[in-house]
1. In region 11-62, what residues are part of a loop (DSSP other than H, G, I, E, B) and among the small types (Gly, Ala, Ser)?
2. Kindly indicate which of ALA107, ALA89, ALA98 is small (Gly, Ala, Ser) and more than 15 Å from the chain's Cα centre (by Cα).
3. For region 112-135, which positions are free of Cβ contacts under 8 Å to residues at least 24 places away in the same chain and assigned to a loop (DSSP other than H, G, I, E, B)?
4. Give me the pairs, please: first residue somewhere in region 136-152 and more than 18 Å from ARG108 (Cα to Cα), second residue anywhere and modelled with pLDDT under 90 and of a type in the set (S, T, N, Q), beta-carbon distance under 6 Å, and either six or more positions apart or on two chains.
5. Which residues, counting only those in region 52-74, are of a type in the set (A, V, I, L, M), surrounded by 23 or more Cβ atoms within 10 Å (Cβ to Cβ) and more than 23 Å from ALA143 (Cβ to Cβ)?
6. Of all residues being of a type in the set (Gly, Ala, Ser) and surrounded by fewer than 19 Cβ atoms within 10 Å (Cβ to Cβ) in region 105-121, which is farthest from LEU140 (Cα to Cα)? Just the residue, please.
7. Tell me, which helices (runs of 4 or more DSSP H) wholly within region 168-239 include 3 or more residues that are farther than 21 Å from THR149 by Cα and out of contact with any strand residue (DSSP E or B) (no Cβ under 8 Å at 6 or more places or on another chain)?
8. Taking LEU147 as meeting all but one of (1) surrounded by 15 or more Cβ atoms within 10 Å (Cβ to Cβ); (2) at pLDDT below 95; (3) under 30 Å from ARG26 (Cβ atoms); (4) among the hydrophobic types (A, V, I, L, M, F, W, C), write down the number of the exception.
Amino acid sequence: MPRPSVTPNQSPERSSPPFNALAARRLRAALGMRPENVAYGLRASYGMPYVTADLVAAWERGTTRPSGRELTALAGVLWCAPEELVGRAQVLRDHRVARGLAPEDVARALGIDLPVYLDMEEHGTWRGTERQAAVLAELLDLALPVLLTVTGRAGKLAELLREAVTTRWQASVRPVGKMLTSLDRRLLEVTLQELHQEYREHEERTAAAPQRGDYGREFLDRILDHFWSAIESRTGRAR
């Protein structure tokens, strides 16, 4: 496996990505290395003179986390892919680091200025176009539900879906479709109609036995889960 490259003049990370400390420790042990060997590799091969065996040990204990650049370099020393050292990715930065990409790489691929991209990454607010979102999804290998979450648009989709199931679902096909351009229109129509019917059934259950809970409200609270499950059941994937 080729070692990930780390360019010395890459922009510093604004915060550390989630780090799988146990995986780092296991990978090091499997190579027969000690923390001081890892620290030496980071200093000698990746230009990180401040890294000591104590710092590597702290990463492995989980008391501190490496930055995105440090994580990519650590993957190089341990001969693994960066994603093997990343904990469960939750935000855009996590997914980028897991792919071993610098902010400059993503900004360049999207065709936007680096400060603009860093601001979107920092605040989780997407200001790009749908075409750029598609490029981002391909670059970071993001499924559609994940793409919407990391670009801060899942809440808007949930709002549109709640409106679809509680009013006329037909009127919501277009606005939902504009957010999910990769979904087949007929698939979207069938899914919204089904969710609309399910919500009506839950409302009837609530009306018949209100003491047992508000089934309709519970359905709305998990509308995104219901939507993606319905899509996946018809296509085998939620993309």
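1. Step one: list which residues in region 11-62 are part of a loop (DSSP other than H, G, I, E, B), which gives 11-18, 20, 31-34, 47-52, 62.
Within region 11-62, SER11, SER15, SER16, GLY32, GLY47, GLY62 meet the criteria.
2. Values: ALA89 fails: more than 15 Å from the chain's Cα centre (by Cα); ALA98 fails: more than 15 Å from the chain's Cα centre (by Cα).
Exactly one of ALA107, ALA89, ALA98 is small (Gly, Ala, Ser) and more than 15 Å from the chain's Cα centre (by Cα), namely ALA107.
3. ILE112, ASP113, ARG127, GLY128, THR129
4. So the pair list comes out as GLY152/THR125.
5. Within region 52-74, the subset of a type in the set (A, V, I, L, M) is 53, 55-58, 71, 73-74.
Those left that are additionally surrounded by 23 or more Cβ atoms within 10 Å (Cβ to Cβ): 56, 71, 73-74.
Residues satisfying the conditions are VAL56, ALA73, LEU74.
6. Initial filter on region 105-121 (of a type in the set (Gly, Ala, Ser)): 107, 109, 111.
Then keep just the ones that are surrounded by fewer than 19 Cβ atoms within 10 Å (Cβ to Cβ); that gives 109, 111.
Working: ALA109: 11, GLY111: 15 Å.
Looking at the filtered set, the residue picked out is GLY111.
7. Values: elements: 173-179, 185-208, 215-221, 223-235.
It comes to 185-208, 215-221.
8. Condition not satisfied by LEU147: (3).
The values are calculated or read from the model by the stated rules, or taken from the named source; none is laboratory data. All of these numbers come straight from a predicted model, not from anything done at the bench. Ideal geometry is used to build each Cβ from the backbone, glycine not excepted, and the neighbour counts take in all protein chains shown.
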